[in-house]
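> Structure incoming, see below.
The values are calculated or read from the model by the stated rules, or taken from the named source; none is laboratory data. Computed from a predicted structure; not experimentally measured. When we count neighbours, we look across all protein chains shown, and the Cβ atoms used for this are built from the backbone with ideal geometry, even at glycine.
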Amino acid sequence: MAAVLVVENDQEHRAVITEVVGRLGHRVVLAGDGPAAVTAAVADRPDLIIADLDVPHLDSVRMCRGLREHPTTADVPVVLIAAHLSPGDRTLAEAEAAAVVPKPFSAEDLTETLRDCLAGPAGTHRNSAFTEALLRSLDAGVVACDMEGRLVVINQPVRDFFGDDSLGVPARDWAERFRLRRDDGSSLNPDDVALYRALRGEEVQHDVILAHDRQDRPRWFAVNARPIRDAAGHVLGAVAAVHDVTAEHHQRQYERCKSEVLKVLVHAPDTASAGAEVLRAMADGLGWPFLRLWLVDPVTDRLRPAATHLTPGSPPIELPPVLDRGEGLAGTCWERGEPIWVPDLHAPDVPVLARFAEDGHYRTALAVPVRSAEKVVGVINCFTLEHQDPDPALKVLLTGIAGHLGAYLERRRAEELSHQLAASVGEYIALVGHELRTPLTSIGTYTDLIAEEPDRTTVGEIRDMLVVIERNNARLRSLVERLLDLSALESGQAELLTAEVDLASVVAGAAAGFSIRPDLPERLTVPGDRDRLRQVAENLIGNAVKHSPEGGAVRVSLTADEDAAVLTVTDSGIGIPAGERDRLFARLYRASNARHSDIPGAGLGLALSRAIVELHGGSITLDENEGGGTVATVRLPRRPGTIGPARPGRPDERLGGNH
């Protein structure tokens, strides 16, 4: 004899159900509403529950959910009695009912249904309990539908991802309802949903789809689906197993991305190209639409953008041109020297700029430090429009990419130094072969000529030869003095006499010697050595004039931003041959076109200028002028504390002067 709990508030229907159960030889327990039914079932577990769909206080669907959540009643089969269930109604699936008896029903219909549900110890309710336990224990998702495409089975992993409202969504509507995509992100046609394909008789193997959970996080699933057939081969429904393959997808994605980045670094011709191409490879490989590479500016000790990638169609991000340590996400990453993952940019207390957090487009960000040896020399910033939880594998990948980029920067610097060192051997041979031997030859030959003159020769007769000797002697003396000066600067033995210097006044004085009217601010102060900075300005302006044709334009300008003063000298001269620009700062090196044009010079001006500028914590570069010629740019820090071997000097007495 089985115990049957009858939940019905209509007295006449309750009497009919009780009579049918009694005739089947089973014991009846009565409950008039949903809460009473749950209490009774937990207190004395029944073998079967018969419930009207619309009982008071707690409808049968919610009552069934409560029963399923309690260990005592989780596997008790339920028969629902309903007035009407339309096609596609999800009540059966939500309640996990063993059967539904529609109203009006006959005693014979009810008897047959109850007999099937109370078939004994090996009957349907025990099989149902077994099946339910099996479905709950699986890590993989399981979905089944009837021949109309209505879901009849959906286990907990699928519900957890898509939500309880997935129970009533027909198989064909899943693509639109849950924004399903193909593996590559393209749209999925409703007819191509694996379960619906199986319902049409197709067996589907490893169909990979992209879906987003209720927090809009992307996940990839591999779906195997097949039709359910009766003995005659007719399709009764379909079943699908859903496996989460997000980790495997990411692993393949990360390997491809790493491979592309390494290819870029192998073939990149220079640092600027390497940064831009690395960001592009990362964007293509990982799907992050906005990336930026920040590098530490040695002049101002701030982060400045070196390369930016924005995927077409993605919203731009307005970031400041410079960042201090601890400022924003990149500045904080620089300060800490470790990766920072921000899953939700709009959460409180995240290390991002306030105006960026208010923008609203991007959801997740990541910052990774770029190291050269043990020093952080930059930061890679990544932003995505989707919510993405911290992924240790991705963090390891990006840390590795940043490491490869840092090694590339260090290698390029080492190669540059190696080229300079190798070139110095030839340069010193050139010194002996030309810069020393040429004036020594003039001195020696003219001395021989004087020595061969008769004793009666007067000084007036040999004065021209003495002038030649004096001129070449002065040339040698200047060359030696400049070489000694350069060596002292590079070794740190020459100290800078530092004070607040009006750089505008310095440049104005240097330009006046060449009859050039520079474009200058009224006043621009920097910490430094006035005489040394004047030396740099004179070298650069003198080079521009010397290498420009007669009447050629030479422009000198001085500007500033918050951090640095910028001196720019532009000429319209012969320019710099391809491949020689980086070598021009080596001592005694002269461009090949300058040597062949008989333009005078010893090849020390730029080397001295760079040594002076770097001692001031600044930088000096040479670039090609678009209209022909060369652009020399000097950047000097405006903040004190960045210049090296120095002793205090007097403040510049002309800081208030007009120019």
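> Can we say Glu495 is within 22 Å of Ala611 (Cβ to Cβ), touching a helix residue (DSSP H, G or I) at 6+ places or on another chain (Cβ under 8 Å) and at pLDDT below 85? Working first, answer last.
On the way: within 22 Å of Ala611 (Cβ to Cβ): yes; touching a helix residue (DSSP H, G or I) at 6+ places or on another chain (Cβ under 8 Å): no; at pLDDT below 85: yes.
It is false that Glu495 is within 22 Å of Ala611 (Cβ to Cβ), touching a helix residue (DSSP H, G or I) at 6+ places or on another chain (Cβ under 8 Å) and at pLDDT below 85.
> Which residue, of Leu310, Leu293, is aliphatic (A, V, I, L, M) and crowded, with 18+ Cβ neighbours inside 10 Å?
The unique qualifying residue is Leu293.
> Still on this model: Residues to consider are Val501, Val556, Val526, Val507; find the one that is assigned by TED's automatic domain parsing to the domain that holds Gly618 and part of a helix (DSSP H, G or I). Don't jump to the end; show me each part of the working.
Working: Val501 fails: part of a helix (DSSP H, G or I); Val556 fails: part of a helix (DSSP H, G or I); Val526 fails: part of a helix (DSSP H, G or I).
Going through Val501, Val556, Val526, Val507 in turn, just one is assigned by TED's automatic domain parsing to the domain that holds Gly618 and part of a helix (DSSP H, G or I): Val507.
> Suppose we keep only residues that are part of a strand (DSSP E or B) and surrounded by fewer than 17 Cβ atoms within 10 Å (Cβ to Cβ) within region 182-207. Which one would you say is farthest from the chain's Cα centre (by Cα)?
So, considering only residues that are part of a strand (DSSP E or B) and surrounded by fewer than 17 Cβ atoms within 10 Å (Cβ to Cβ), the one farthest from the chain's Cα centre (by Cα) is Gln205.
> So Val506 passes all but one of these: (1) in contact with a Lys or Arg (Cβ under 6 Å, 6 or more places away or on another chain); (2) touching a residue at least 40 places away in the same chain (Cβ under 8 Å); (3) among the aliphatic types (A, V, I, L, M). Which condition number does it fail?
All conditions pass for Val506, except number (2).
> Could I ask something else about it? If you take the residues of region 166-211 that are of a type in the set (Ser, Thr, Tyr) and free of Cβ contacts under 8 Å to residues at least 24 places away in the same chain, which of them is nearest to Leu236 (Cα to Cα)?
Ser166
> Mind listing whichever residues of region 596-607 are in a loop (DSSP other than H, G, I, E, B) and modelled with pLDDT of 65 or more? Step through it out loud before you land on a result.
The initial filter retains those residues of region 596-607 that are in a loop (DSSP other than H, G, I, E, B), namely 597-604.
Leu604, the sole residue that qualifies.
> Taking Val556 as the residue in question, decide whether it is under 17 Å from Leu622 (Cα atoms), under 40 Å from the mean Cα position of the chain (by Cα) and buried (at least 23 other Cβ atoms within 10 Å of the Cβ).
So Val556 fits the description; yes.
Every residue, every condition in (1) surrounded by 15 or more Cβ atoms within 10 Å (Cβ to Cβ); (2) on the phi < 0 side of the Ramachandran plot; (3) aliphatic (A, V, I, L, M); (4) in contact (Cβ under 8 Å) with a residue 12 or more places away in the chain, yes or no:
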| position | (1), (2), (3), (4) |
| --- | --- |
| Leu319 | yes, yes, yes, yes |
| Gly328 | yes, no, no, yes |
| Gly337 | no, no, no, yes |
| Pro351 | yes, yes, no, yes |
| Arg363 | yes, yes, no, yes |
| Leu366 | yes, yes, yes, yes |
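> Okay, moving on. Give the number of residues within region 358-406 that are more than 20 Å from Leu345 (Cβ to Cβ) and modelled with pLDDT of 90 or more.
4
Every residue, every condition in (1) in the same structural domain as His547 (by TED's automatic domain parsing); (2) at pLDDT below 85; (3) out of contact with any Ser or Thr (no Cβ under 8 Å at 6 or more places or on another chain); (4) not in a loop (DSSP other than H, G, I, E, B), yes or no:
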{"position": "Gly573", "(1), (2), (3), (4)": "yes, yes, no, no"}
{"position": "Arg587", "(1), (2), (3), (4)": "yes, yes, no, no"}
{"position": "Ala594", "(1), (2), (3), (4)": "yes, yes, yes, yes"}
{"position": "Ser609", "(1), (2), (3), (4)": "yes, yes, yes, yes"}
{"position": "Ile612", "(1), (2), (3), (4)": "yes, no, yes, yes"}
{"position": "Ile620", "(1), (2), (3), (4)": "yes, no, no, yes"}
{"position": "Asp623", "(1), (2), (3), (4)": "yes, yes, no, yes"}
{"position": "Val634", "(1), (2), (3), (4)": "yes, no, no, yes"}
{"position": "Gly641", "(1), (2), (3), (4)": "yes, yes, yes, no"}
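> Could you check how many residues of region 227-249 are surrounded by fewer than 19 Cβ atoms within 10 Å (Cβ to Cβ) and part of a strand (DSSP E or B)?
Adding up the residues that qualify gives 8.
> Tell me which residues, restricted to region 56-86, are in contact (Cβ under 8 Å) with a residue 12 or more places away in the chain and charged (D, E, K, R).
Those that are in contact (Cβ under 8 Å) with a residue 12 or more places away in the chain and charged (D, E, K, R): Asp59, Arg62, Arg65, Arg68, Asp75.
> Continuing with the same structure: Please tell me if Val242 is β-branched (Val, Ile, Thr) and either out of contact with any strand residue (DSSP E or B) (no Cβ under 9 Å at 6 or more places or on another chain) or within 22 Å of Ala402 (Cα to Cα) (or both).
Judged against the criteria, Val242 is not a match.
> For Asn224, which of the numbered conditions (1) closer than 30 Å to Leu323 by Cβ; (2) buried (at least 16 other Cβ atoms within 10 Å of the Cβ); (3) not assigned by TED's automatic domain parsing to the domain that holds Arg325 fails to hold?
(1)
> Then there's this: Taking the conditions exactly as written (assigned by TED's automatic domain parsing to the domain that holds Lys395, buried (at least 18 other Cβ atoms within 10 Å of the Cβ) and among the aliphatic types (A, V, I, L, M)), does Val264 satisfy them or not?
yes
> Contact list please: Cβ distance under 8 Å, first residue in region 387-410 and in the same structural domain as Val278 (by TED's automatic domain parsing), second residue modelled with pLDDT of 85 or more and of a type in the set (Lys, Arg), pairs at least six apart or on different chains.
Filtered contacts from region 387-410: His387/Arg363; Gln388/Arg363; Leu397/Lys258; Gly400/Lys258; Ile401/Lys258; Ala402/Arg371; Gly403/Arg371; Gly406/Arg371.
> Take Gly163 and decide whether it is within 25 Å of Asp230 (Cβ to Cβ) and among the small types (Gly, Ala, Ser). Lay out the reasoning, then the answer.
Numbers: within 25 Å of Asp230 (Cβ to Cβ): no; among the small types (Gly, Ala, Ser): yes.
No, not satisfied.
> Same structure, new question: Give the residue that is farthest from Leu615 (Cα to Cα), with candidates limited to residues of region 526-555 that are out of contact with any helix residue (DSSP H, G or I) (no Cβ under 7 Å at 6 or more places or on another chain) and not small (Gly, Ala, Ser).
Glu550
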